[in-house]
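Asks: Sharing a structure here in structure tokens format.
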């Protein structure tokens with residue numbers, strides 16, 4: 001679990017678990033997922049918790065806005081992973 | 001012999017369609033077991049059985065829409081003198097009462113059963129339940145794909161829409177299956193949407209016609225509550241963090257416990273207090289519509305328990321997996337439209353309940369405290385209440401109690 005592609009697949013898979021009617025191919029990677037996919041705060045919490053469970057990456061509450069679009073989320077996770085690896 | 005009937009899963013439900021039987025004749029069931037998946041016009045609900053026994057006969061086939069109260073299945077009480085089918089256990093247990101299904105009783109959610117629950121997708125002939133997303137189920141109905149022949153690639157082997165489409169266009173030619181999913185006229189997406197609007201419309205029209213609503217609103221400074229929450233969340237691992245809406249729910253539940261006239265039902269010309277505070281949590285459904293399942297005994301739950309309960313309800317509501325006991329007995333509904341950016345909600349009460357509490361968005365506002373002007377995070381709480389059951393004086397007190405609770409988040 002360390003490439004952008006892996007993170008992309010992971011985020012999409014988690015999002016689709018929380019929002020089963022979402023068509024993965026139809027996600028606009030640069031639009032906020034909350035509005036686009038009708039994700040509310042509890043859905044979002046379920047998403048970040050599941051991402052944490054699968055990757056071990058800790059996401060502080062203040063960073064939640066940095067995962068608002070698919071591309072943002074992939075970028076955030078990639079950077080977080082890189083930091084973890086360097087340590 | 002007792003009957004298992006189509007339950008009323010909310011005041012707006014007149015009929016339901018069995019989508020799946022999880023039991024077959026000869027299966028032993030106990031109270032709280034999920035025995036069928038039922039489609040109301042609003043959602044797919046897992047229906048729990050109220051009494052244990054041995055399933056005798058399934059009377060309503062998958063796909064048939066029947067009115068509330070129709071006998072769906074018959075069962076023999078366990079231990080009765082019946083021809084016990086092979087595999088069924090005849091444990092010496094007292095014969096259960098004749099009533100068959102939890103409609104208004106608020107049983108605590110059944111604890112995880114010690115014994116494995118004998119479930120079977122009756123149409124599939126397999127001995128495990130097929131996990132299917134509602135979207136996939138609809139697609140299967142439209143494409144005439146037999147779900148028992150689809151292998152799932154989703155979480156925990158769940159069948160997704162893509163799996164259904166693959167099964168349709170897969171290497172095997174789409175030969176007519178022997179037992180196609182029963183024709184379910186209301187399953188097409190458009191019809192379903194119309195049915196949901198119809199159900200909501202009928203209930204809300206009844207509310208507006210019958211309930212003399214009065215409305216109150218109160219601006220509440222939630223600065224202390226949010227500060228407390230931020231500090232608390234810093235100490236918590238990710239999966240235990242709390243959302244602000246949990247504080248609001250807890251404050252309402254605790255205030256409702258002090259104001260019984262806000263918590264209960266108006267039926268047969270009289271007010272009947274709820275037997276506990278079972279908060280209806282309004283949840284918007286994916287693709288439109290809403291549903292307000294019950295968070296049982298919310299006034300006795302800790303913030304962590306409320307958080308876990310709400311997360312679970314939202315996840316299951318949106319995935320189409322609510323249970324019958326959650327649908328039938330909320331005593332007071334809370335709706336939070338703040339996330340959609342509105343300032344306040346003028347609620348419409350869910351009959352036969354007598355009140356609805358609404359919250360708008362938390363916004364930073366100029367706020368006078370001790371003769372000084374400051375900026376504080378403020379939320380507008382509204383109350384829509386039934387004038388037959390209470391007056392504005394009581395309603396005002398209720399909102400004030402909610403406000404007071406929110407000033408002491410550490411006690412929530």
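The values are calculated or read from the model by the stated rules, or taken from the named source; none is laboratory data. All values derive from a computational prediction rather than experimental measurement. Note that we place each Cβ from the backbone using ideal geometry, even for glycine, and neighbour counts take in every protein chain shown.
Asks: What's the total number of residues in the range B:43-73 that are closer than 17 Å to residue B:14 by Cβ and outside any loop (DSSP other than H, G, I, E, B)?
Replies: Here the count works out to 8.
Asks: In this structure, does residue A:44 turn out to be surrounded by 17 or more Cβ atoms within 10 Å (Cβ to Cβ), more than 10 Å from chain B (Cβ to nearest Cβ) and either in a helix (DSSP H, G or I) or in contact with a strand residue (DSSP E or B) (Cβ under 6 Å, 6 or more places away or on another chain) (or both)?
Replies: Numbers: surrounded by 17 or more Cβ atoms within 10 Å (Cβ to Cβ): yes; more than 10 Å from chain B (Cβ to nearest Cβ): no; either in a helix (DSSP H, G or I) or in contact with a strand residue (DSSP E or B) (Cβ under 6 Å, 6 or more places away or on another chain) (or both): yes.
No, not satisfied.
Asks: Tell me which residues, restricted to the range B:340-375, are crowded, with 18+ Cβ neighbours inside 10 Å, closer than 30 Å to residue B:46 by Cα and within 14 Å of chain A (Cβ to nearest Cβ). Walk me through it before giving the result.
Replies: Step one: list which residues in the range B:340-375 are crowded, with 18+ Cβ neighbours inside 10 Å, which gives B:344-345, B:347-360, B:362.
When the remaining residues are screened for being closer than 30 Å to residue B:46 by Cα, the result is B:347-359.
Within the range B:340-375, B:359 is the sole residue that qualifies.
Asks: In the list B:274, B:264, which residue meets the criterion of being buried (at least 16 other Cβ atoms within 10 Å of the Cβ), on the phi > 0 side of the Ramachandran plot, more than 13 Å from every other protein chain (Cβ to nearest Cβ) and touching a residue at least 40 places away in the same chain (Cβ under 8 Å)? Reasoning before the result, please.
Replies: Values: B:274 fails: on the phi > 0 side of the Ramachandran plot.
Going through B:274, B:264 in turn, just one is buried (at least 16 other Cβ atoms within 10 Å of the Cβ), on the phi > 0 side of the Ramachandran plot, more than 13 Å from every other protein chain (Cβ to nearest Cβ) and touching a residue at least 40 places away in the same chain (Cβ under 8 Å): B:264.
Asks: Let me ask something additional. Need at least 2 residues that are over 19 Å from the mean Cα position of the chain (by Cα) per element, so show me which strands (runs of 3 or more DSSP E) inside the range B:207-306 make the cut, counting only ones lying wholly within it.
Replies: Numbers: elements: B:213-221, B:264-267, B:270-273, B:279-281.
Because the criterion is at least 2 residues that are over 19 Å from the mean Cα position of the chain (by Cα), the strands (runs of 3 or more DSSP E) in the range B:207-306 that meet it are B:213-221, B:264-267, B:270-273.
Asks: Okay, moving on. For residue B:264, are the conditions met, namely being in the same structural domain as residue B:242 (by TED's automatic domain parsing) and at pLDDT below 95?
Replies: Numbers: in the same structural domain as residue B:242 (by TED's automatic domain parsing): yes; at pLDDT below 95: no.
Criteria not met by residue B:264.
Asks: Next up: Mind counting the residues in the range B:376-396 that are closer than 27 Å to residue B:303 by Cα and either loosely packed, with under 15 Cβ neighbours inside 10 Å or not assigned by TED's automatic domain parsing to the domain that holds residue B:331 (or both)? Even if it seems obvious, please write down each step before you answer.
Replies: From the range B:376-396, those closer than 27 Å to residue B:303 by Cα are B:376-385, B:394-396; that's our starting set.
This time we only want the ones that are either loosely packed, with under 15 Cβ neighbours inside 10 Å or not assigned by TED's automatic domain parsing to the domain that holds residue B:331 (or both), so: B:396.
The number of residues fulfilling the criteria is 1.
Asks: Conditions: (1) farther than 15 Å from residue B:356 by Cα; (2) more than 14 Å from every other protein chain (Cβ to nearest Cβ); (3) exposed (fewer than 15 other Cβ atoms within 10 Å of the Cβ). Residue B:212 meets all but one. Number of the miss?
Replies: All conditions are met except number (1).
Asks: Among the numbered conditions (1) facing chain B (nearest Cβ under 8 Å); (2) part of a helix (DSSP H, G or I); (3) over 23 Å from residue B:318 (Cα atoms), tell me where residue A:53 comes up short.
Replies: Only one criterion in (1) facing chain B (nearest Cβ under 8 Å); (2) part of a helix (DSSP H, G or I); (3) over 23 Å from residue B:318 (Cα atoms) is unmet by residue A:53, namely (3).
Asks: How many residues, within the range A:1-41, are at the interface with another protein chain (Cβ under 7 Å from one of its Cβ atoms), in contact with a strand residue (DSSP E or B) (Cβ under 9 Å, 6 or more places away or on another chain) and either within 22 Å of residue B:161 (Cα to Cα) or outside any loop (DSSP other than H, G, I, E, B) (or both)?
Replies: The total comes to 1.
Asks: Against the definition (touching a helix residue (DSSP H, G or I) at 6+ places or on another chain (Cβ under 8 Å), part of a helix (DSSP H, G or I) and not assigned by TED's automatic domain parsing to the domain that holds residue B:390), how does residue B:195 come out, yes or no?
Replies: yes
Asks: Against the condition in a loop (DSSP other than H, G, I, E, B) and over 24 Å from residue A:21 (Cα atoms), how does residue B:334 come out, does it pass?
Replies: Working: in a loop (DSSP other than H, G, I, E, B): no; over 24 Å from residue A:21 (Cα atoms): yes.
Considered against the rule, which asks whether it is in a loop (DSSP other than H, G, I, E, B) and over 24 Å from residue A:21 (Cα atoms), residue B:334 comes out as no.
Asks: Here's another thing I want to ask about it. Among the candidates B:292, B:256, single out the residue that is more than 14 Å from every other protein chain (Cβ to nearest Cβ), surrounded by 15 or more Cβ atoms within 10 Å (Cβ to Cβ) and under 18 Å from residue B:407 (Cβ atoms).
Replies: Working: B:292 fails: under 18 Å from residue B:407 (Cβ atoms).
One residue alone meets the criteria, B:256.
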